[in-house]
1. Can you pull the one-decimal nm distance between simple spin-label points at A:A103 and A:T2, each 7 Å off the Cα toward Cβ?
2. Using only the alpha-carbon atoms, how far is helix B:366-380 inclined from the longest principal axis of chain B? Give it as 0 to 90 degrees, nearest 10.
3. Is the C-alpha gyration tensor of the protein assembly as shown telling us rounded, prolate or oblate? Criteria: a/c under 1.5 is rounded; beyond that, a/b larger than b/c is prolate, otherwise oblate.
4. Pick out, from A:F15, A:V93, A:Y66, the residue whose Cα sits farthest towards the positive end of the charge dipole of region A:3-124, with +1 on the Cβ of Lys and Arg and -1 on the Cβ of Asp and Glu.
5. Give the ranking of B:H305, A:H172, B:H65, B:H197 by solvent-accessible surface, highest area first, calculated with a 1.4 Å probe.
6. Between A:A154 and B:I408, take the C-beta separation as r, use R0 = 41 Å, and let me know the FRET efficiency to the nearest 0.05.
7. Heavy atoms only, probe 1.4 angstrom, no DNA, RNA or ligands counted: give me B:L484, B:L406 ranked by accessible area, highest first.
8. What are the aspartates and glutamates whose alpha-carbon lies under 19 Å from the alpha-carbon of B:K217, with same-chain residues fewer than 8 places away excluded?
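The values are calculated or read from the model by the stated rules, or taken from the named source; none is laboratory data. In this text the structure is predicted, and so the values were computed from the model without any measurement. Backbone-built Cβ (ideal geometry, glycine too); neighbour counts: all protein chains shown. Protein only, heavy atoms only, side chains kept; ligands, DNA and RNA dropped before computing areas. Shrake-Rupley method; radii C 1.70, N 1.55, O 1.52, S 1.80 Å.
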Amino acid sequence: MTAAHLLVEGVFGFFATVLVISALGVVVARNPVHAALFLILSFFNAAVLWVLLGAEFLGIVLVLVYVGAVMVLLLFVVMMLDIDLVVIRRGFVRHAPLAAVVALLLAFEIGYVFWARHLGLVSLAPPLRPGTLPNTRALGLRLYRDDLYPFEIAGFLLLVGVVAAIVLTLTHREGVRRQDPSAQVRVEPARRIRLVDPFPKGTPGKGGEGG
Amino acid sequence: MLSRDIWAAGSEILIGAGSILVLLFEVLARRARPVWAYRTALVSVAVTVFLLAAGSLGRSGVFWHGGLVNDPLSRLLDIAAGVATFLVLVYSRPQLVRHGLERAEHYFLVLTTLLGVLVVDSGGSLLTLYLGLELLALSLYALIAIDRRRPLGAEAAMKYFVLGAMASALLLYAFTFLYGLAGSFRLSVVARALAAHPGSPLTLAAVAFVVVALAFKFGAVPLHFWVPDVYEGAPTAVTLLVGTVPEIASIALFMRLLGLGLGAASGDWGVLLMVASLLSLLVGNLLAVVQLNVRRLLGYSAVGHVGFILLAFQLGGRGGETAAVYYTIVYVFMSAAAFGGLTLLEARGEKSTTLEDLSGLARRDPWMAFFLLCALFSLAGVPPFLGFWAKLIVLRRVIMAHETGLAIFAVVMAVVAAYYYLRVVKSMYFDPPPAPGGDGAAAAAPVPVFSRVWLGINALGLLVLGILPEGLWSACRMAMSHLLR
């Protein structure tokens, strides 16, 4: 085993260990905010593992999307909700057997994948070897050249979603006083301020007649 | 390479660009009435249909690594969907204007519905078929609920949305199985993989899920529950759309996915489809008899017609599939005329909900009554009309397959259907009009001549094509004889 290989193995081991520990922390932490922070840590570690596997684009996206957007949203939710820890932990013992069954089932399913060949599955082409083509470039070529057509349809799908959401929720109710920015911008000083001479010429002296 | 692929998607690009233009008009000229959106939509659909019919768009071949397949079938279905959308736009505008529902977004969603249908028509891979279907369904969900003053519409949209999402999930689940078998989204690769592994449990599961999802999309029994509710709850102009254009996507999906992709497993889906078709014929027609609401009646009768289509399709082989495609196209134009008539009646300020609302129509508006009569006679399958030939061809196929019992059952159900269609005609021609003074006759506004003329062309076309049925039938046979995948 070369030194470089050993280094990669060592890096993998380190980040994998931290990943497992932080994943445990997510479950075990008493404070929901701490759990969310542990989740962010585990996302970072998983991203590093992906980069080690040669999927650098997915690693970056994991950090940008999950840590940058989803987790921030989740933290907001956690901080805004008034969570009573005692209530959440109540019934843990009662549900533990069911949870154990679910966990065992999941473990079995994950293990079963390795023996799934006899179902008649065609073994798929192996993933691109790291180094033949940069992962980002490969994904880009796939999305924007080979699969441009479905990609554009998916874009239309999102557009329809946006339009549908606005059509179904936006109301233009009569009689509601709301700002009209273009009218505000178009306004001229002459139409807002009228300079009035309090003492027009030709009127009798100061203070008026009755003064 | 890339430019060749892009040109191949010309019809989709045209309709997509048209829909974007419609949205732009809404943004830039919000204060103007949405008539420009309407005109843009109409022109983009008409141009696309014209170019497709002239052969300038949709060059034959397989493009986008199998994602887009242009063959005579896709062109025929594209043209049919385009013409149907054109008619839908023309019929629905007067009603939308009268009921204060005319918005540019409405036309945008109609165009994206058409776009979804076009994508499905020429879908050559699981991915594009699914995306086209979702585009179509999402547009319809929004359109059904678009009139928020109508609680029935929101209820129907909710039902359709939840059930439709479930059907989409089942379809995706089936696609994962198929992808696992074939290692590719391309239908041709899937077909080869299925032929190589006959009787695999994965195939069975995939076929079952696909059939369930497709039966939902078509509205076949036992997954028909949304049909009458949506037909009744949606605004009339949207019912007109739901009852016509998506049917073309449904038959395209059946042809591409079951006929071409899962053709090797036709023994498995044939049985399922036969059960669905018999149940649809029975339940749809019998429940339509007891309906007093015209739209629910037409909804249940649509289920019955789907029974006919599936009856032809499940026979397998090119003959049965051709009959199914022919029946679907004919049904779409009959349905367009029937719902178009109802929509234009509403645009006049009349109600068209119950049978009583229609009574005495022949005296109030003889032409409109005659157009509706043409549509209903055709739907019932009365001889000089086009619908007769559609039923005849399906029945001939069934008898040629030595299923005489099925054919007799279908004929009996067609007779039941004739009863309730003729009851509507009787109500229009022989029943006295409702007592004056009601809100029905209060403000009969004239319907724009443009829409009336097109309805006339649509209805008389059913008669003329029924007298000269050879053209459309040979077009279908031509389309089905050069399939690509």
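1. Each label point lies 7 Å from its Cα, and together they span 4.1 nm.
2. Rounded to the nearest ten degrees, it is 30.
3. Values: a/c = 1.86, a/b = 1.10, b/c = 1.69.
Since a/c reaches 1.5 but b/c is at least a/b, the shape of the protein assembly as shown is classed as oblate.
4. A:V93
5. Descending order: A:H172, B:H65, B:H197, B:H305.
6. Values: r = 48 Å, r/R0 = 1.16.
Efficiency, from the Cβ-Cβ distance: 0.30.
7. On the way: B:L484 60, B:L406 25 Å².
Result, largest first: B:L484, B:L406.
8. B:D78, B:D121, B:E134, B:E155, B:D229, B:E232, B:E247, B:E321
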